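A short write-up of the structure that comes next.
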Amino acid sequence: MEYVIHGREPADALRFFEEISAIPRASRNEAGIAAYMKKFAEDRGLWVHVDENNNVVIKKPGSPGCEHLPPVMLQGHLDIVPEKNQDTVHDWEKDGLKLQVKGDILTATGTTLGCDDGYALSYMLAVLDRKDLRHPPLECVMTAMEEVGLIGAMKIDPSLITARRMIGMDAGGEGGFLASSAGGNYVFVRVPFHYVEGRGDGLSIRIRGLDGGHSGGLIHMEKGNSNKILGRILYNVSKECLFNIAAITGGFKGNAIPREADCVIMVQNGMAGRAREIIAATEQEIARELAFSDKNLKVLVDTASADKMLNLEASRKIVHLSHVLPNGVMMRSMAIEGLTNASLNVGVVTMEEGCVKYEITVRSAEDSLVRSIAEVVADIAETAGAEVEITGTYPAFSFDPDSQMRRIAMEVYQAQSGKEGKVKAVHGGTEAGVFRGLLPGLDIVGIGPNSGGAHTPEEWVDLCSYERAFNLLLGILDRLCDEQ
């Protein structure tokens, strides 16, 4: 193949990056990249296992004199997010990425770059390929379907992994050392209803203009939640006006702070004018409250009609739940500055056959808090007469103040760079949490280069940082040979 990265180090890791970039590997299409990894290992006489989900584990003995040391796990994921510009012609099932270098920055033409998590794969391949490195026994774990719910990691056979020390490589940027990530689950709340004949004066209520954002990374910014704003409006209207709900929806993804919500209500004849006044007054209140965090709120009200509407009892339950379901930051961390320790997001409201469904995402760096908050939501919903399902649980990577791996990594970083590293945490799920749950006692640190624009066609990585992060990995492996 024709390589586009020239005159850069580490030349072998970058060569591997280009080779894997030529293989389509969108989530759930990892068979080709898994086959590449299998052949790579077999060509070098290394132990390799590929499971039915295309998770790959490759093992390499320790370097001479280090064979007896406890193994270390290197970890990253095989798949990438398949995003492209509208005018870019790219078949994610067949086409490789078209890489380009602009100064010190590596990108792809019109598509995601796949540095998330291609840098981890290329680092592991280079370490496995080199014969002159000093390192403990290595267990390189490459997972499938990370970008669509950590699926591969949750389905891997933990008996394949004997290491209880892990360097996770799905964490950036340079100088930041991942020490915690959130676990979580989903709570689905369903309110059964039946239709009755539509009557009264119809009003359409639409919430618009909110910023939204990731319900983990931005929940601490106190962004407006369209579903909760709508719930507050309906509750205020219900204090003075009798109405039935004819339709209600809000949000699009459970892991996103909802930006929009829509509702049609059928108000008792003669009360529509008062309902409009209450809606306008509530909009002004909330707009003042969000003036510094989400300043473009709009509540649009129009006349509407409906041939059928939800029965009154169900309407009242929906108004009640939309108002009282908890949302937002529940606890901040006292261990890591700026970290949200627990939160939940009323992300989606939909109408299904015979019920209105709420999808609520719960997150915390402590598994016990995930469970507790989900049970609070369930208790509130069940008390209101709704049906509840708790599902999709994934474990947290909780902060360990005594992590040896983090201490070693930060000491090596300071020796190499002359700078002090920073402890990093994310309020979102990572494979580190999954592996901590699968392998009790696993000591984890996460590292990575400076990069940005992940999951978008603007994704990039700084090649100078890519080299420094690789040298940090080598330094950590060498130092582990001196730790007993």
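The values are calculated or read from the model by the stated rules, or taken from the named source; none is laboratory data. Please read all numbers here as calculations on a predicted model, not as lab measurements. Please note: Cβ atoms are built from the backbone with ideal geometry, for glycine as well, and neighbour counts cover all protein chains shown.
Residues that are within 29 Å of the chain's Cα centre (by Cα), closer than 28 Å to Ser343 by Cβ and in the same structural domain as Gly347 (by TED's automatic domain parsing) number at least 2 in the following strands (runs of 3 or more DSSP E) confined to the stretch 200-319: 201-208, 243-250, 261-267.
None of Val362, Val356 is among the aliphatic types (A, V, I, L, M), buried (at least 24 other Cβ atoms within 10 Å of the Cβ), within 13 Å of Ala396 (Cβ to Cβ) and modelled with pLDDT of 95 or more except Val362. State whether the residues of the stretch 187-194 include one that is under 26 Å from Ile278 (Cβ atoms) and outside any strand (DSSP E or B). Looking through the stretch 187-194, at least one residue is under 26 Å from Ile278 (Cβ atoms) and outside any strand (DSSP E or B). Checking Thr350, Thr361, Thr391 one by one, the residue that is within 19 Å of Pro258 (Cβ to Cβ), under 19 Å from the mean Cα position of the chain (by Cα) and not in a helix (DSSP H, G or I) is Thr361 and no other. The set of residues in the stretch 17-75 that are closer than 23 Å to Val445 by Cβ and in a strand (DSSP E or B) comprises Val56, Val57, Ile58, Lys59, Lys60, Val72, Met73, Leu74, Gln75. Per the conditions (1) surrounded by fewer than 20 Cβ atoms within 10 Å (Cβ to Cβ); (2) not assigned by TED's automatic domain parsing to the domain that holds Arg371, the sole criterion not satisfied by Glu389 is (2).
Listed here are the residues, each with its yes/no results for (1) among the hydroxyl-bearing types (Ser, Thr, Tyr); (2) at positive phi; (3) buried (at least 18 other Cβ atoms within 10 Å of the Cβ).
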site: Pro64; (1), (2), (3): no, no, no
site: Gln75; (1), (2), (3): no, no, yes
site: Leu78; (1), (2), (3): no, no, yes
site: Lys102; (1), (2), (3): no, no, no
site: Thr109; (1), (2), (3): yes, no, no
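Tell me yes or no: at least one residue of the stretch 30-53 is touching a Gly at 6+ places or on another chain (Cβ under 6 Å), assigned by TED's automatic domain parsing to the domain that holds Ser159 and crowded, with 21+ Cβ neighbours inside 10 Å. Scanning the stretch 30-53 turns up no residue that is touching a Gly at 6+ places or on another chain (Cβ under 6 Å), assigned by TED's automatic domain parsing to the domain that holds Ser159 and crowded, with 21+ Cβ neighbours inside 10 Å.
Can you find a residue in the stretch 124-133 that is of a type outside the set (Asp, Glu), on the phi > 0 side of the Ramachandran plot, surrounded by fewer than 20 Cβ atoms within 10 Å (Cβ to Cβ) and touching a residue at least 60 places away in the same chain (Cβ under 8 Å)? No, every residue in the stretch 124-133 fails to be of a type outside the set (Asp, Glu), on the phi > 0 side of the Ramachandran plot, surrounded by fewer than 20 Cβ atoms within 10 Å (Cβ to Cβ) and touching a residue at least 60 places away in the same chain (Cβ under 8 Å).
Checked against the criterion of being part of a helix (DSSP H, G or I), assigned by TED's automatic domain parsing to the domain that holds Val72 and closer than 17 Å to Gly176 by Cα, the candidates Arg436, Arg406 yield just one match: Arg406. Reported count of residues in the stretch 307-321, each being charged (D, E, K, R) and within 23 Å of Ser226 (Cα to Cα), is 2. So, of the residues in the stretch 221-244 that are among the basic types (Lys, Arg) and modelled with pLDDT of 95 or more, which turns out to be surrounded by the fewest Cβ atoms within 10 Å (Cβ to Cβ)? Applying the filter and picking the extreme gives Lys239.
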